[in-house]
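Every number in this text was worked out from the coordinates using simple rules, so none of it is lab data. This is a predicted model, so every value here is computed, not measured. Cβ sites come from the backbone with ideal geometry, for glycine too, and all protein chains shown count toward neighbours.
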Amino acid sequence: MSIALDESKVIGEQKRSYVRDMFARIAPRYDLLNSLLSLRIHHYWRNVAAREANLQQGDTALDVCTGTADLAVRLARDVGTSGTVIGVDFCEPMLRLGWSKARKRSGQRQITLVLGDALQLPFASGSFQAVTVAFGIRNVVDIRKAFAEMWRVLKPGGRVVCLEFSRPRRQPFRAIYHFYFHRLLPGIGGLFSHRDAYTYLPTSVQYFPEREQLAHIMREVGFTAVTWRELTMGIVCIHSGVKP
Ligand SMILES: C[S@@+](CC[C@H](N)C(=O)[O-])C[C@H]1O[C@@H](n2cnc3c(N)ncnc32)[C@H](O)[C@@H]1O
């Protein structure tokens with residue numbers, strides 16, 4: 001039996017297990033639903049996020065909560081064959097799909113995917129020129145700790161880039177999108193995958209910090225030059241910052 005998570009009441013280990021089990025269940029249809037529900041716009045969002053990371057050939061990058069490795073594969077283009085991209089995620093079924101995706105892309109042997117937790121990254125301090133996280137930070141139990149871990153593993157001068165769903169602010173788009181996201185999306189998700197997961201999605205976005213609050217958390221952790229930009233009328237936001 002699957003139950004929907006009440007984000008307002010569930011914290012800590014209960015949320016962690018719920019999230020990991022949920023992604024394990026939806027993994028086989030995850031990429032399909034991403035393309036269907038976003039009308040393939042998610043590729044554009046990831047492209048913009050990759051550009052924000054400002055990677056150069058030969059760099060080493062980390063993609064946290066990498067899932068099926070779409071962003072890791074995209075970053076690999078920027079670091080080239082002399083660079084390295086590591087993706088980390090705590091859900092093995094998602095990573096397995098990422099592994100075969102990365103393998104299929106010829107010339108992208110520089111991608112390594114690792115099973116691990118965003119709150120305890122299995123990497124030495126000061127290892128990466130850039131750390132990215134796409135649609136992952138919303139799912140972690142402790143956002144501040146996750147950013148602190150990203151800060152730790154970055155080299156001085158390195159960039160963090162966070163792509164995440166947001167809440168559009170301008171009417172009438174806000175109301176139209178709210179109807180789609182909260183009423184239609186769970187139904188479409190249920191047709192192709194597990195409805196509870198696609199009920200969790202809008203609920204988790206609803207309880208996620210506002211753009212300004214997220215930027216504040218990043219600054220508190222120690223990032224400087226923290227900025228954000230909205231894409232697609234505020235459906236998603238990309239926050240970035242620098243480790244001084
Ligand atoms: C919505 S998916 C995003 C996947 C991918 N980044 C993308 O853009 O499609 C969220 C991912 O975060 C992972 N995740 C959530 N909490 C995590 C944690 N504490 N440590 C590692 N991975 C985590 C989940 O397993 C899942 O694969």
Open item on the list: Positive end of the dipole of segment 36-114, charges at C-beta (+1 Lys, Arg; -1 Asp, Glu), about the Cα centre: which of 39, 75, 60 has its Cα farthest in that direction?
Closed with: 39
Task: Under-5 Å amide H pairs with residue 114, H placed in peptide plane, nonlocal only - done: 87, 88, 89
- [ ] With r as the distance between the Cβ atoms of residue 182 and residue 21 and R0 = 22 Å, compute the FRET efficiency 1/(1 + (r/R0)^6) and round to 0.05.
- [x] 0.45
TODO: Indicate the gyration tensor shape class of segment 199-244 (rounded, prolate or oblate), computed on the Cα atoms with a ≥ b ≥ c the square roots of the eigenvalues: a/c under 1.5 is rounded; otherwise a/b larger than b/c is prolate and the rest oblate.
DONE: oblate
- [ ] For the chain, give the magnitude of the charge dipole about the Cα centre (Cβ charges: +1 Lys/Arg, -1 Asp/Glu; no others), in debye to the nearest 20.
- [x] 520
- [ ] Figure the gain on full extension for residue 13 and residue 103 (residue separation times 0.36 nm, minus the Cα-Cα span) and round it to one decimal in nm.
- [x] 29.1 nm
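Ranked highest first by average number of other Cβ atoms within 10 Å, how do 63-76, 185-198 line up?
Descending mean neighbour count gives 63-76, 185-198.
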- [ ] Pop the C-beta distance of residue 125 and residue 96 into the FRET formula with R0 = 25 Å and round what comes out to the nearest 0.05.
- [x] 0.30
Open item on the list: As a test of the formula, what do you get for the chain when each DSSP H run with n ≥ 4 contributes -39,500 (n - 2.57) and the sum is divided by the residue count, at 222 nm and rounded to the nearest 500 deg cm²/dmol?
Closed with: -14500 deg cm²/dmol
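Output the relative contact order of segment 12-242, whole-number percent, from Cα pairs under 8 angstrom with separation of 6+ residues.
In percent, rounded to a whole number, it is 19.
Suppose R0 equals 25 Å. What FRET efficiency, 1/(1 + (r/R0)^6) with r the Cβ-Cβ distance, do residue 56 and residue 114 give to the nearest 0.05?
Approximately 0.65, to the nearest 0.05.
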TODO: Kindly give Rg over Rh for the chain, based on alpha-carbon atoms, with the Kirkwood expression for the hydrodynamic radius.
DONE: 0.94
Open item on the list: For segment 101-244, place one equal point scatterer on every Cα, skip the solvent, and apply the Debye formula. What is log10 of I(q)/I(0) at q = 0.09, 0.12, 0.19, 0.21 Å⁻¹?
Closed with: -0.34, -0.59, -1.16, -1.25
Task: DSSP-defined antiparallel bridges as percent of all bridges, segment 12-242, nearest 5 - done: 40
Task: Most positive-pole-ward Cα, 95, 233, 209, against dipole of the chain from beta carbon charges - done: 233
Open item on the list: Can you compute the radius of gyration and Dmax for segment 128-186, using only the Cα atoms, both in Å?
Closed with: 15.7, 44
